[in-house]
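So the structure is just underneath, and the comments pick up after that.
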Amino acid sequence: MSNIKHSVSIVGAGISGIMCALTLARSQTCKGWSINVYEQKSRVGGRAHTTFINDQFLDLGAGRFCSQIHVNVYDLVKSLNLEYETFPFTQLKTSQPIQKELKQLLDNLKPLIAEHRNDSFSDFLSTYLGPSKASDVIMALGYDSLSLPIISPSIAYDIIEKHPETQGFSENVGYQWFNLKEGFSALTQALYEQALLLGVNFHFDQELIAIEHSTDSHNLILEDQLGQRQTLSDGYKIVTLPPSRMQQLDGEFPKRWTNYSYGSSPLFKGFFFYTDSWWQGLGLTDHVVITRNPIRKLYFKDNKYVFFYTDGENALYWQDMYNQGEQHYLQAVRNFIADALHQSPESIPVAHSHIHKFWTHGVEFSKECCPEHPFYLTLGDDSVISLSDAYTHHCGWMEGGVLAGRHTAEAIISKQKATNHEPEKEVAYT
Ligand SMILES: Cc1cc2nc3c(=O)[nH]c(=O)nc-3n(C[C@H](O)[C@H](O)[C@H](O)COP(=O)(O)OP(=O)(O)OC[C@H]3O[C@@H](n4cnc5c(N)ncnc54)[C@H](O)[C@@H]3O)c2cc1C
């Protein structure tokens, strides 16, 4: 029985897909299996996307992790000997008066959230503080997703407690955050190299264009850049694309797969390099300022560069601004930085270079308040498995991708062990 060779086809070489492939490849039960990963781009990593510019590694996508919350990512970073450093942006430079009383205010309201399971965070705040102060609170927290009708008070508190910029308004004030010195791509690259050594085959520039129903199963249809198609019909077929992409492939996603529904938020990051680190004189080094204008979160990295990071409506705002012309965009950024720091626009130097990245579906999540977090979903006949960080309690984070990839692989290994009549053993992650 154990000599039978199986095949596994995994679509997507982000953290979820690589972790799934690696967990299978490490398992004794799957020894000799043919494991293939198909990726539409010519690189691994997905939304972990680091670039190198002006002698700096910049994370255009995923950027930071918390050693207390993202324990699996932290373990991987240590076991792979990746260099990491403190992500300093838990240090908020208070710029809005309400930020001084915000921790107390949120602490006082927290016991009341159980009575407001079906309300939005915004309505919850309005009930106790009135609409104007409620809006001030959300402005002071820097994440526009907090104002969405689908964000309940309990999800909002979770967001506040688990983000570096806002954890200071919660009891997680002392949590430690890190970034990789060579960016988050160093993690996916190192895992990719391990997978290669264990015999996993990677196929780049292969786009999954359809999930096709055949007589007794479902097949994956891939297309390369020359328009050549191939059909994957054998073995385990695993799709590690985020829910928004699944929706494009299967008009009936998520209905055919699960009772949950999924949403996403756009994200925008802009980085700026200057001849002088002018912010040092203002005492802003390694601080983050949460603004009331469309910049929303403004970071001053060491003496190296300045960046801003926005979600929701303001991410769309900046993408639209950029589309109106680069100079238009740069002038708007300069004006809003000045506004945030209470300076005149002329006193903010002109950046000598910049880079930005807009993500239409930056983070993806379940819209239901208390999902059971399935880690992976299957089509009715089990012939295709879909996995994503969005199906875990760490949706929107690399940690969720690690967990989804591992859980799916473990489920396959367990199934195979049962078929082989092998005893269940703990899987060791070293
Ligand atoms: C701006 C931004 C900031 C973030 N910040 C953080 C952070 O600080 N910390 C953190 O932990 N997380 C952060 N995240 C979230 C993190 O990036 C994701 O949770 C993680 O990358 C999800 O991994 P994944 O493998 O599930 O999906 P993805 O990374 O999206 O990987 C999916 C892969 O599938 C490929 N693919 C898509 N469609 C197809 C197709 N049709 N055919 C073939 N291949 C396809 C994609 O090219 C990609 O390689 C951030 C994300 C963004 C965008």
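Structure notes:
- Volume of the convex hull of the stretch 321-413 (Cα atoms only), normalised per residue: 179 Å³.
- Once backbone amide H atoms are built at 1.01 Å from N, VAL37 has ILE10, ASN201, PHE202, HIS203 as its partners under 5 Å, excluding neighbours fewer than 5 places away on the same chain.
- 5 angstrom amide H check on GLY362, placed H, neighbours 5+ away: SER265, LEU267
- Overall form of the stretch 97-169 per C-alpha gyration tensor (a/c, 1.5; a/b vs b/c): rounded
- Acute angle (nearest 10 degrees) that the helix 15-26 long axis makes with the longest principal axis of the chain, alpha-carbon atoms: 40
- Violating pairs (Cα-Cα greater than 25 angstrom) within the set LYS110/LYS301; LYS133/LYS297; LYS110/LYS162; LYS100/LYS269; LYS41/LYS162; LYS103/LYS304: LYS110/LYS301; LYS100/LYS269; LYS41/LYS162; LYS103/LYS304
- Efficiency of FRET between ASN323 and LYS415 - r from beta-carbon atoms, R0 60 angstrom, step 0.05: 0.80
- The GluC sites (Glu not before Pro) of the stretch 232-328 meeting both criteria, a DSSP state outside H, G, I, E and B (loop) and at most 16 other C-beta atoms within 10 angstrom of the site's C-beta, are GLU252.
- Solvent-accessible surface of the chain, taken per residue with a 1.4 Å probe and all protein chains present: 45 Å².
- Packing around the peptides 169-176, 387-394, 293-300, 134-141, taken as the average count of other Cβ atoms within 10 Å per residue, puts them in this order, highest first: 387-394, 293-300, 134-141, 169-176.
- The relative contact order of the stretch 265-363 comes to 42 percent, based on Cα pairs under 8 Å that sit 6 or more residues apart.
- Rounded to the nearest Hz, the phi-derived 3J(HN,Hα) couplings of the stretch 89-99 under the Karplus curve 6.51 cos²θ - 1.76 cosθ + 1.60 (θ = phi - 60°) are 8, 9, 9, 8, 8, 4, 10, 10, x, 5, 4, where x marks glycine and proline.
- For the chain, the fraction of 1.4 Å probe accessible surface lying on carbon and sulfur atoms is 48 percent.
- Computed over the chain: relative contact order in percent, which uses C-alpha pairs under 8 Å that are six or more apart: 22
- Hydrodynamic estimate: the Kirkwood radius of the chain over Cα pairs, inserted into Stokes-Einstein at 20 °C and 1.002 mPa s, corresponds to D of 93 µm²/s.
- Interchain or long-range residues, amide H under 5 Å from GLU368's placed H: SER261
- Helix-only [θ]222 nm of the chain, DSSP H runs n ≥ 4, -39500 (n - 2.57) each, per residue, nearest 500: -9500 deg cm²/dmol
- Note on GLU101 and THR360: their simple-model spin labels are 4.4 nm apart, each label 7 Å out from Cα toward Cβ.
- Between ASP55 and GLU422, the contour length at 0.36 nm per residue exceeds the Cα-Cα span by 126.9 nm.
- The overall shape of the stretch 265-363, judged from the alpha-carbon gyration tensor, is prolate: a/c is not under 1.5, and a/b is greater than b/c.
- Mean separation of Cα pairs under 8 Å and 6 or more residues apart, divided by the residue count, gives the stretch 97-169 a relative contact order of 37 percent.
- For the stretch 127-144, backbone phi angles converted through the Karplus equation (6.51, -1.76, 1.60; θ = phi - 60°) give residue-by-residue couplings of 4, 9, 10, x, x, 5, 5, 4, 5, 4, 5, 5, 4, 6, 8, x, 10, 5 Hz, Gly and Pro being listed as x.
- Note that the stretch 58-69 has calculated 3J(HN,Hα) couplings of 10, 8, 7, x, 3, x, 9, 9, 10, 5, 7, 9 Hz, one per residue in order, obtained from phi through the Karplus relation 6.51 cos²θ - 1.76 cosθ + 1.60 (θ = phi - 60°); glycine and proline are x.
- Counting 0.36 nm for each residue step from GLU85 to ARG256 and taking away their Cα separation leaves a gain of 57.2 nm.
- LEU129-GLN228 pseudo-label distance in nm [points 7 Å out on the Cα-to-Cβ vector]: 5.9
- Cα→Cβ-extended label distance, 7 Å offset, between ASP75 and VAL350, nm: 5.3
The values are calculated or read from the model by the stated rules, or taken from the named source; none is laboratory data. Worth saying up front: this structure is predicted, and the values here are computed from it rather than measured. Quick reminder, even Gly has a Cβ in these numbers, built from the backbone with ideal geometry, and neighbours come from all protein chains shown. Please note that ligands, DNA and RNA were not included when accessible areas were found on the heavy atoms of the full protein model with its side chains. Shrake-Rupley method; radii C 1.70, N 1.55, O 1.52, S 1.80 Å.
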